[in-house]
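Engineer: Below you will find the structure I want to go over with you.
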Amino acid sequence: LVNMDGSGSRQVVTQDALYNTGFDQDERLLVNHITFNTDSSKFLMLVRNFQKPGKRWSTSLVTVHLDGSMKTILQNTIVSHYYWLDADNIVVYCKIDKDCCDLYKVNMETGEYSCYNMSAYEDIHCIISPDGKYIIGDAYPTKRNGMMRRVCGINLETGNNKIIFEVPEVTFASTDMRCDLHVRFVFDGKYISFDTTQNGKREIATVPIEILDF
């Protein structure tokens with residue numbers, strides 16, 4: 001942790017502590033996607049192993065308090081994109097109690113969870129609307145959806161979900177050069193912005209908030 005007032009820094013997680021999240025001591029690990037909660041009292045991190053031959057990489061979902069105390073909420077499974085809903089709860093695409101992954105609400109203190117039943121949209125970069133009514137996110141292109149970049153969402157009040165819009169993309173030779181849409185709500189609440197290559201180059205585009213009409 002680095003104090004922004006210039007008063008110093010301190011280590012809160014040791015390398016040895018990472019192995020206590022569900023991995024063997026001989027595995028190579030990395031830490032990914034560190035994000036503070038909404039009141040800065042703790043942060044979330046994903047602890048991942050390097051992919052072994054014939055297997056996919058695995059991830060543990062971990063809460064870390066500012067004193068260095070850690071809680072492993074999901075251990076050595078599939079965890080991908082997430083977003084803090086409040087100081088304790090996140091929305092996250094992961095695998096918990098089903099054969100497939102889905103979008104879940106997870107309490108990062110107790111581990112309690114509920115499922116949004118959005119597995120049909122696959123892995124999405126999820127974010128909640130400023131009014132707390134919608135969760136939206138962009139999914140990776142697949143052969144099943146015609147290699148289009150989709151933005152899907154769920155109305156948290158009604159449970160209705162749908163594909164909001166989709167755009168084509170330029171296909172790059174390397175997946176590290178891809179252009180995820182990474183939808184964001186513009187601060188004035190009137191638009192949703194997203195990254196895109198739909199016009200043959202990398203751009204930022206917007207759609208009006210009224211597109212969330214379901």
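Engineer: Quick one: dipole size for region 61-122, taken about the Cα centre, charges +1 on Lys/Arg Cβ and -1 on Asp/Glu Cβ, in debye to the nearest 20.
Structural biologist: Dipole about the Cα centre, nearest 20: 120 debye.
Engineer: Further question on the same structure: In a Gaussian network model over the chain where Cα atoms closer than 10 Å are linked, find which of Ala139, Ala87, Ala17 has the largest mean-square fluctuation.
Structural biologist: For the chain, modelled as a Gaussian network with Cα springs under 10 Å, the answer is Ala17.
Engineer: Okay, next question. Tell me whether region 46-141 comes out rounded, prolate or oblate; compute the Cα gyration tensor, take square roots of the eigenvalues as a ≥ b ≥ c, and use a/c under 1.5 as the rounded threshold.
Structural biologist: In terms of gyration-tensor shape, oblate.
Engineer: Let me know the charge dipole size of the chain about its Cα centre in debye, to the nearest 20, where only the beta-carbon of Lys, Arg (+1) and Asp, Glu (-1) is charged.
Structural biologist: 680 debye
Engineer: Points 7 angstrom from Cα along the Cβ direction at Lys201 and Met147: gap in nanometres?
Structural biologist: 2.3 nm
Engineer: Is the shape of region 97-214 best called rounded, prolate or oblate, per the rule: a/c under 1.5 gives rounded, else a/b larger than b/c gives prolate, else oblate, with a ≥ b ≥ c the square roots of the Cα gyration tensor eigenvalues?
Structural biologist: Since a/c reaches 1.5 but b/c is at least a/b, the shape of region 97-214 is classed as oblate.
Engineer: Using the Kirkwood formula over every pair of different C-alpha atoms, what hydrodynamic radius in Å results for the chain?
Structural biologist: Averaging 1/r across every pair of different Cα atoms and inverting gives 18.8 Å.
Engineer: Here's a follow-up. Please state the relative contact order of the chain as a whole percent: Cα pairs under 8 Å, 6+ residues apart?
Structural biologist: Once normalised by length, the contact order is 9 percent.
Engineer: Setting aside same-chain residues fewer than 8 positions from Lys95, which aspartates and glutamates have a Cα under 19 Å from its Cα?
Structural biologist: Glu109, Glu112, Glu122, Asp123, Asp138
Engineer: Still on this model: Using 0.36 nm per residue of separation minus the Cα-Cα distance, give me the extension gain between Asn107 and Tyr19 in nm, one decimal.
Structural biologist: The Asn107-Tyr19 span can extend by a further 29.5 nm.
Engineer: Given a 1.4 angstrom probe, I'd like the percentage of the accessible area of the chain that is carbon and sulfur, rounded to a whole number.
Structural biologist: 49 percent
Engineer: Is it possible to state the helix-based mean residue ellipticity at 222 nm for the chain, with each DSSP H run of 4+ residues giving -39500 (n - 2.57), the sum divided by total residues, to the nearest 500 deg cm²/dmol? What is it?
Structural biologist: So the calculated ellipticity at 222 nm is -500 deg cm²/dmol.
Engineer: Next question, about the same structure. Assuming a ≥ b ≥ c are the square roots of the Cα gyration tensor eigenvalues, decide whether region 88-131 counts as rounded (a/c under 1.5), prolate (otherwise, with a/b larger than b/c) or oblate.
Structural biologist: oblate
The values are calculated or read from the model by the stated rules, or taken from the named source; none is laboratory data. This one's a predicted model, so the numbers in the text were calculated from it and none came from an experiment. Virtual Cβ from ideal backbone geometry, glycine too; neighbours counted across all protein chains shown. Quick note on the areas: whole protein, heavy atoms, side chains included, nothing else; ligands and nucleic acids left out. Shrake-Rupley method; radii C 1.70, N 1.55, O 1.52, S 1.80 Å.
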